Amino acid sequence: MLKGGVIMDVIDATQARIAEDAGAVAVMALERVPADIRKEGGVARMADPAVVAAIMDAVTIPVMAKCRIGHFAEARVLEALGVDFIDESEVLTPPTRSTTSTSRPSRALRLRLPRARRGPAADR
């Protein structure tokens, strides 16, 4: 499904539609793109759930989203939205004692494809 394709970073539904029209196989919903984060400094956060939902409504290709390491509540929000993949990412917040939860993580923290969209090759 994603093999050999391009996954585009997007920050809104308009960019997601452009990426899909250009042939992207999936989009990654972000608060800000990495180049802007580096330029402006600071750290990124999980994309606003309303923006993620708008992106999901705008495209037919899979939508991915990032949550901060150990922030299982963020992962559960993304899981409830129904995103296709959830990426627990140090890109958003480097893991430290002050930013990482010590609670048992949700099963949603694993990068995964929902059962409804799995094909025979995914079970190998």
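Summary table below
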| read-out | value |
| --- | --- |
| Which of Arg76, Arg68, Arg38 is most accessible, then next, and so on - probe 1.4 Å | Arg38, Arg76, Arg68 |
| Segment 36-78: radius of gyration over Cα atoms, expressed as a fraction of 2.2 N^0.38 Å | 1.31 |
| Solvent-accessible surface (1.4 angstrom probe) belonging to Met28, in square angstrom, nearest 10 | 20 |
| Dipole moment magnitude, nearest 20 debye, segment 1-44 about Cα centre, only Lys, Arg, Asp, Glu C-beta charged | 160 |
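The values are calculated or read from the model by the stated rules, or taken from the named source; none is laboratory data. Because the structure is a prediction, the values reported are computed rather than measured. Cβ: placed from backbone, ideal geometry, glycine included. Neighbour counts: every protein chain shown. Please note that ligands, DNA and RNA were not included when accessible areas were found on the heavy atoms of the full protein model with its side chains. Shrake-Rupley method; radii C 1.70, N 1.55, O 1.52, S 1.80 Å.
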